[in-house]
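Colleague: Structure incoming, see below.
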Amino acid sequence: MSTMDYSFGSWVRRRRKALDLTQQELAQRVGCSLSLIFKIESDQRRPSRQIAELFAEHLKIPLDQRDLFLKVARQEKGVDRLEALPSPSEVKPASVTQPLQPSLPLPLTSIVGREHELRAIIRQFQDPACRLLTLTGPGGVGKTRLALEVAHHLSQVFEDGVCFVSLTGTAAPEFVTPALADALCFSFSGMTPLKAQLFNFLEEKQMLIVLDNLEHLLNGIELLDELLRQAPNVKLLATSREQLNLRAEWAFEVEGLPVPSHMELEYFESNSAVALFLQRAKQAKFDFVLSVDDYPDMKRICQFVEGLPLALELAATWVRMLSVREIAHEIERNMDFLTTTARDVPQRHRSIRAVFDHSWALLTDEEQGILRQLAVFSGGFTREAAEQVAGATISHLSALVDKSLLRYTGMPAGRYGFHELIRQYVDLKAQDNPEEHDQMHERHASYFAYRLQQWENKLQGAQQQEILTQISLEIDNIRSAWDWMVTHRQTDSLQQSLMILFVLHDIRNWLHQGSTLFEKAIAALQSGAQAGEEYDANPILLGELMACQGHLCWHLGQTQKARRLLQRSLQLLGSNRNRPMLAEALLYLSLLEHWQGNYPAARQLAEECVVLNREQGRVSGLGYALSNLGLICLTQGEHETAYACLQESVAVMRSIGHPRGIAINLIRLGLAVLRLGRFSEAQMLLEEGLETTQRLHDRWGIGNALNYLGLLAFERSDFARAEALIRESAALFREDGDQIMLAATLTDLGYILTERNMEPEAWQSFREALKIAQHSGALPIALYGLAGIAALQAKEKLTKQAFELATYSWEHSSSNWQTKDRAGRLRAELKTQLRPRQLEAVEARAGNKSFEDIVEEALEL
């Protein structure tokens, strides 16, 4: 043999001829082109590992020598090592139809939280019409693990068993047939085409074939249609990030595991997403324990990754070095944190980025461009928004949904959305092109500024509920657009967006979020002014932003900050009496003065607000101004005057069909009627107001309605119902961070608990209310609470202390009529129990003490 003949290609050629095979026959058996056989035998190309494995089978390489053959084929060993192999005549020929011996891989970990999906898929396969079922979903969602679990459950159902075919390394559609044969332990033979041989083999079989990871082989997927026609008793279960789009296909979308929505301690660790994290965390650190303090951060992790199993598993491996809180922070900060160094994890699953890289590579350039544009949306988007901002047609959206990179959420409003980790990945791709990235944010901000202006025009009428629902769905997009406007000081867009943004945060009681948004805008405008930049609209815009933030800060109990903002707002807007926000600033400052016990100032501002709204012709503004004036009158015991103001405010709001305005004023009118002793009428008004606020998801309105219904139940001596209603109201205000209303409801609760002879609980409620009221500067609430504490002291026979507190509350100028009434009656009762000298001494002490001293002593009791 000459040196020139001593090569891998020449060895393959001699081996082929010894087996009496032509190049064409070998190509058919291997499942490759005739050209590839020619190039390999002429040493123009080396076979891939997959082709080399097929060569080893069809060139009759003994099983114990195949590893050597593969190394020679891949140039890891010299071709001379092949001369020691036995000749083909020494190798026992394989049967054309070897016994079927497919085997299922054994999972290394147990499946968590897929009971519902397992039942649904198995039930689906019981339908004779279902021959091909595809599990779709994004990478890392657990399609393969679920398919494998289904296969094990059905392994005894099919007469010829279940076969699992991994197509991860299959390079092209023409190699699907050899991969199928290999998984089925079937060997090709003779001149018959490979596909025909495989179909003939399966024709009489009754079995389930699992085809895993098909998304990169869809161009030749028609093979499955042919297989189903030729083998009527075979069923197929496929996994793919994209639907196969075959007529026989039934699709099942695999979603992330359910995530915890509430801090229900009893059931928290049984939540599927939490359970998976815990299982993997204990594998990484056997003594890992999830403490109750970890629950909020565990919830953050589960919700951010949206229950994606792979993300949870990757996150759990970090418990060896980081706390649950640190893991949550890292995930939110950087998606590349989700990675593993485990050697037995497939390369495509070693990080979230690797998972999404695979999906990204399967997209066309156009699809990649559309997806980059869509990444600008937060919290989902409508078809109209996708078209306006990203130029995405319905065909684009449909294709991306099919590829599991978008999801269609249906109702309400036919929205599309990203898994948050996918959105984060695509947004990083978009940032690779800064110019494109800025342009898409500009279009996004312009679109939502325009939409906000459209919605504002409809917000004051009968469509209010529908508009609020639409805006709430878009709140993440709106906040993102607002941030862009602020960063780039787009004053016109900020001007046209701020009112409706404020109204939404006010109605939903999103106090912290709203305050932060307006604070950022104020800081940006003020920094621009300091840098010497000029904006004609800046003084007006700044004043309006300060009015909005000031009102939210007041709710949050940040009274001094709220006062500064509102007073500065009036200075900036004072010369522009035609600006609606000037009237709003007057209204909000009046509310602040009222709740701080500055009644003359509050009344003057309220009356000025009424006049200004009449002057401006603002019907809704007039309704709220009259309502505020009525509330001030009610606080000072002018019940008939309050009733008249509130009746007019309801009529004004009804005249324009303003649902929220009607509801809020009905609730306040109900309180006025309650004070007048007309309980049945009060019940009717309060229930109507509650129903409307619930329909609008107006949390502040709901809380007030529940509070006043509780006070009504209290007046009717239904103390158990009164307690339940007011506790519900307090819980709502506590959740929203509304300190003023929380202090007020806790004080009311204290009086109810006192009446129920639950003194320890009453003490606790009064003390918490007093602390909040003192910190917030809400003097009337604090004084009402002090009168309640005095009643408790009286029950405990602490007569001098009770008389002193009652006297102080009764005499204080910021006490409302209710405090004066309760404190006055208690004072008169206690007066009979003290001697004249004692009375004189206690009254002197009460007159000489500061508010801070009185509160400090009360809190120390």
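The values are calculated or read from the model by the stated rules, or taken from the named source; none is laboratory data. This one's a predicted model, so the numbers in the text were calculated from it and none came from an experiment. Neighbour counts run over all protein chains shown; Cβ positions are idealised from the backbone, glycine included. In case anyone asks, the SASA skips ligands and DNA or RNA and just uses the protein heavy atoms, side chains included. Shrake-Rupley method; radii C 1.70, N 1.55, O 1.52, S 1.80 Å.
Colleague: Could you give the length gained on full extension between N848 and S527, defined as 0.36 nm per residue of separation minus the Cα-Cα distance, in nm? Walk me through the numbers before you get to the answer.
Modeller: Working: separation 321, 0.36 × 321 = 115.56 nm, distance 4.71 nm.
Extra length from N848 to S527 when fully extended: 110.9 nm.
Colleague: Take the eigenvalues of the Cα gyration tensor for the chain, scale each by 5, and report the square roots as semi-axes in whole Å, largest first.
Modeller: After scaling each eigenvalue by five and taking roots: 74, 30, 24 Å.
Colleague: For a Förster distance of 22 Å, can you work out the FRET efficiency between the beta-carbons of F252 and R383, rounded to the nearest 0.05?
Modeller: Approximately 0.35, to the nearest 0.05.
Colleague: Right, another one. Where nothing but the Cβ of Lys and Arg (+1) and of Asp and Glu (-1) is charged, how large is the charge dipole of the chain around its Cα centre, in debye to the nearest 20? If you can, show how the numbers build up before the last one.
Modeller: Working: 90 positive and 109 negative charges, 133 e Å.
It comes to approximately 640 debye.
Colleague: Now a separate question. Work through the residues other than A713 whose Cβ is under 13 Å from its Cβ and net out their charges, Lys, Arg +1 and Asp, Glu -1.
Modeller: Numbers: positive: R716, R721, R727, R756; negative: E687, E715, D718, E723, E728, D748, E755.
Summing Lys and Arg as +1 and Asp and Glu as -1 gives -3.
Colleague: Pull up the cross-link candidates among the aspartates and glutamates for K429, meaning alpha carbon to alpha carbon under 12 Å and not fewer than 8 places away within one chain.
Modeller: D357
Colleague: Please give the calculated 222 nm ellipticity per residue for the chain, where each DSSP H segment of at least 4 residues contributes -39500 (n - 2.57) and the sum is spread over every residue; nearest 500 deg cm²/dmol?
Modeller: Result for the chain, helices only: -20000 deg cm²/dmol.
Colleague: Per residue, how large is the accessible surface of the chain? Use a 1.4 angstrom probe and give square angstrom. Intermediate values should be presented prior to the final figure.
Modeller: Values: 37310 Å² over 861 residues.
About 43 Å² of surface per residue is accessible.
Colleague: Another one. Please tell me the relative contact order of the chain in percent, rounded to the nearest whole number, where contacts are Cα pairs under 8 Å and at least six residues apart. Don't skip to the end; give the middle numbers.
Modeller: Working: 1274 pairs, mean separation 52.0, N = 861.
Normalised by residue count, the contact order of the chain is 6 percent.
Colleague: Can you give the net charge of the other residues whose Cβ lies under 13 Å from the Cβ of R618, counting K and R as +1 and D and E as -1? Mind dumping the intermediate values first?
Modeller: Numbers: positive: R577, R579, R614; negative: E584, E615.
For residues surrounding R618, the net value is +1.
Colleague: Place +1 on the Cβ of every Lys and Arg and -1 on the Cβ of every Asp and Glu in segment 756-861, take the dipole about the Cα centre, and give the residue among Y784, A773, I854 whose Cα lies farthest towards its positive end.
Modeller: Y784
Colleague: Multiplying the sequence separation of T364 and R564 by 0.36 nm and subtracting their Cα-Cα distance, what value in nm do you get?
Modeller: Numbers: separation 200, 0.36 × 200 = 72.00 nm, distance 5.58 nm.
Roughly 66.4 nm would be gained on extension.
Colleague: Then there's this: Taking the Cα centre of the chain as the origin and placing charges on Cβ (Lys, Arg +1; Asp, Glu -1), which of S33, L711, Q388 is farthest toward the positive end of the dipole?
Modeller: It is S33, whose Cα lies furthest towards the positive end.
Colleague: Percent of accessible area on the chain owned by carbon and sulfur, 1.4 Å probe?
Modeller: Numbers: 18230 of 37310 Å².
Roughly 49 percent, rounded to a whole number.
Colleague: Let me ask something additional. Give the longest segment of the chain that steers clear of chymotrypsin sites (Phe, Trp or Tyr not before Pro) in DSSP loops with at most 11 neighbouring Cβ atoms within 10 Å, not counting the sites themselves. Walk me through the numbers on the way to the answer.
Modeller: Numbers: sites that count: Y267, F286.
Looking at the chain, 287-861 is the longest stretch - no exposed chymotrypsin sites (Phe, Trp or Tyr not before Pro) with at most 11 other Cβ atoms within 10 Å.
Colleague: FRET efficiency for A644 and V619, Cβ-Cβ distance as r, R0 = 25 Å, nearest 0.05?
Modeller: Values: r = 18 Å, r/R0 = 0.74.
E(calc), rounded to 0.05, equals 0.85.
Colleague: Cross-link candidates for K561: which lysines have Cα within less than 26 Å, leaving aside residues fewer than 8 places away along the same chain?
Modeller: Those lysines meeting the cut-off are K520, K771.
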